[in-house]
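Right, one structure below, let's go through it.
The values are calculated or read from the model by the stated rules, or taken from the named source; none is laboratory data. Note that the coordinates shown come from a computational prediction; the quantities given were computed from them, not determined experimentally. Virtual Cβ from ideal backbone geometry, glycine too; neighbours counted across all protein chains shown.
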């Protein structure tokens, strides 16, 4: 029995301090049954959850301090684990409470309908579970569930959550694009001024595409990511709206005579009789008389801005002011003639009846007694007879007219002799000429005879017997008595005898059809002309010795055989098209080497090695002294804000200016007033006039506002 008492004593060594439920109640705690001990003494239920322990004679002596019974606090859940007693149904979780216990189902389970045990909860029965409306899949598991998320989602609690690709992988989009996260995906949108699919954005040339908003009278200039408008010369405006400048409005513009305003410019015109100078502004008199066919029939006299006409002697100006009409001098006193007066254009002539001659005054008539005066009135030869009479004679080819003084031409071709000409006779004053019909020419040894002409001349001793007709010797039946070669000699060859050609250099063969190449054509090449080879498609060169690579070798590569390239160091590929990834100097500003001395730059930098910061003009421009930073952004100075630093955000102090002392106190340091109506002003610019103080445009009693920090 001693060993059993020792065992019981060991099992009951749990201090009451671990169970405060027993303190201060209707029961007292003396010893508490420790979890894990085997229950052996008799027990009796006095209250739910409280056991009354009957003290056996063999229990440890320490328990005899209280007569009667001792009450113990019991953990029913722990008791069920070590005994055959069942506190809760299978699958339920037991929770001990003061004086009792509760049974509940673990997470993911629920009470069965009959209240007996727990059954699995199908979490996938809820529509919102895993976000199935977005294409995700919910899979139920015992006591829980799992989500199978589609691409663009990842598993989270309690559903699939969207993956923000833009946040996790900012390199998905081009540097000039904005990444927009979407449900289950993302999209890249090129920024304004760029176009592309977002993964690759290039500058949009708004000027070339016509998407700009420049005025029709403005020039559109493209810049990276934007564009600008500038009115053409002759227009004013901001480029988006341009209006014409009337250059003629002030002092007739630059024109000497007349100024006409035109869209975007002007034009100068001159008064009648003047012409515009090369400078387009000044006017010069037009010399209407300078041309060979001036406006006047006879004499043209130029005047400033005009002209006037006059006539030669014997004419008078017509009423039209341009033409001249003849003056008939014979109507006025017979023109001064003693006998006959004959009017002529611009003058008149006096004549005398036979045998009278016109005197030296060309007006009066007198008898001719000598050949010395006016050749005795004879056209050709004059002689005086023995009786003292004038006798006239004519030269060969001429005959004396009926007036016995004048000579007329003799028509030698007019009689039946035809002037002695074999074919044609052509009369001329005082003589004639023999000519020939077409196909003939005058003989050199006899100008009255004609010879047939053969062009080309008859060959091989042939005789020209008619126009282009040869009489040929035997063996030369062809026209021109040339040799007979069939087919004809080619390439300028000459037929020298029957079917035999004399070929020019570079050609050979009976008909000169075969070309000669001094150096033979290689690689299936064919000689098609003197020293000219026609090469097959895979060779080239004068002798077809150079192989061809199609497409051609790139980047300095050399074609060494048909479609075989030898590349320079570093380049690869069938056509040396693969660029080596090698930069002789490091890429700057976090750039990455992607080719031969070629870097892919981060946003805001450019150049072969990303050494140059991108500087694009800010449109519209920055205000209040702000600095234009890359990508059309403004860096605002202190006291300004806004996209273009157009807003003034001056932290201000308010001082009532009334005395010189107040001014000195408020403005003893160089503050800058950016908030005043006059713009940027130094607050130290003041003057003192007795009790009145002035600062810029501010008077006594006005409030001056300045930033609290120095400008």
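Selection within the range 614-639: residues that are at pLDDT 80 or above and in contact with a strand residue (DSSP E or B) (Cβ under 7 Å, 6 or more places away or on another chain). The member of this set that is surrounded by the fewest Cβ atoms within 10 Å (Cβ to Cβ) is 635. All conditions in (1) loosely packed, with under 15 Cβ neighbours inside 10 Å; (2) closer than 30 Å to residue 353 by Cβ; (3) at pLDDT below 90 hold for residue 408, with the sole exception of (3). Scanning the range 314-355 for residues that are surrounded by 17 or more Cβ atoms within 10 Å (Cβ to Cβ) and in a strand (DSSP E or B) turns up 315, 317, 324, 341, 348, 350. The listed residues are 190, 220, 231, and the only one of them that is more than 20 Å from residue 632 (Cα to Cα), without any contact (Cβ under 8 Å) to a residue 24 or more places away in the chain and under 23 Å from the mean Cα position of the chain (by Cα) turns out to be 231. The set of residues from the range 442-457 being in contact with a strand residue (DSSP E or B) (Cβ under 6 Å, 6 or more places away or on another chain) and part of a loop (DSSP other than H, G, I, E, B) comprises 443, 447, 448, 453, 454.
With respect to (1) in contact with a helix residue (DSSP H, G or I) (Cβ under 8 Å, 6 or more places away or on another chain); (2) farther than 27 Å from residue 429 by Cα, the lone exception for residue 359 is condition (1). Within the range 235-264, restricting attention to residues that are closer than 13 Å to residue 217 by Cα, surrounded by 15 or more Cβ atoms within 10 Å (Cβ to Cβ) and at pLDDT 90 or above, the residue that is nearest to the chain's Cα centre (by Cα) is 239.
Across the range 503-513, what is the number of residues that are touching a residue at least 12 places away in the same chain (Cβ under 8 Å) and surrounded by 12 or more Cβ atoms within 10 Å (Cβ to Cβ)?
Of all residues in the range 503-513, those touching a residue at least 12 places away in the same chain (Cβ under 8 Å) come to 503-507, 511-513.
Next cut, surrounded by 12 or more Cβ atoms within 10 Å (Cβ to Cβ) only: 503-504, 506-507, 511-513.
Selection size over the range 503-513: 7.
Quick check on the range 587-599. Is at least one of its residues loosely packed, with under 14 Cβ neighbours inside 10 Å and in contact (Cβ under 8 Å) with a residue 24 or more places away in the chain? Scanning the range 587-599 turns up no residue that is loosely packed, with under 14 Cβ neighbours inside 10 Å and in contact (Cβ under 8 Å) with a residue 24 or more places away in the chain. Within the range 150-176, being in a loop (DSSP other than H, G, I, E, B), at pLDDT 85 or above and touching a strand residue (DSSP E or B) at 6+ places or on another chain (Cβ under 7 Å) holds for 152, 163, 164, 173, 174, 176. Among the residues making up the range 547-577, those that are under 30 Å from the mean Cα position of the chain (by Cα) and surrounded by fewer than 14 Cβ atoms within 10 Å (Cβ to Cβ) are 551, 552, 556.
Among the strands (runs of 3 or more DSSP E) confined to the range 200-258, the ones with at least 1 residues that are within 30 Å of residue 279 (Cα to Cα) are located at 218-223, 226-231, 235-237, 242-244. Number of residues in the range 586-611 that are part of a strand (DSSP E or B) and modelled with pLDDT of 85 or more equals 4. Per the conditions (1) modelled with pLDDT under 85; (2) surrounded by fewer than 18 Cβ atoms within 10 Å (Cβ to Cβ), the sole criterion not satisfied by residue 485 is (2).
Among the strands (runs of 3 or more DSSP E) confined to the range 81-149, the ones with at least 2 residues that are more than 23 Å from residue 161 (Cα to Cα) and touching a helix residue (DSSP H, G or I) at 6+ places or on another chain (Cβ under 6 Å) are located at 93-97. Restricting attention to the range 123-137, the residues that are surrounded by 13 or more Cβ atoms within 10 Å (Cβ to Cβ) and closer than 21 Å to residue 105 by Cβ total 4. Specify the residue that is farthest from residue 229 (Cα to Cα); the eligible residues are those in the range 626-648 that are free of Cβ contacts under 8 Å to residues at least 24 places away in the same chain and not in a strand (DSSP E or B). My answer is 637.
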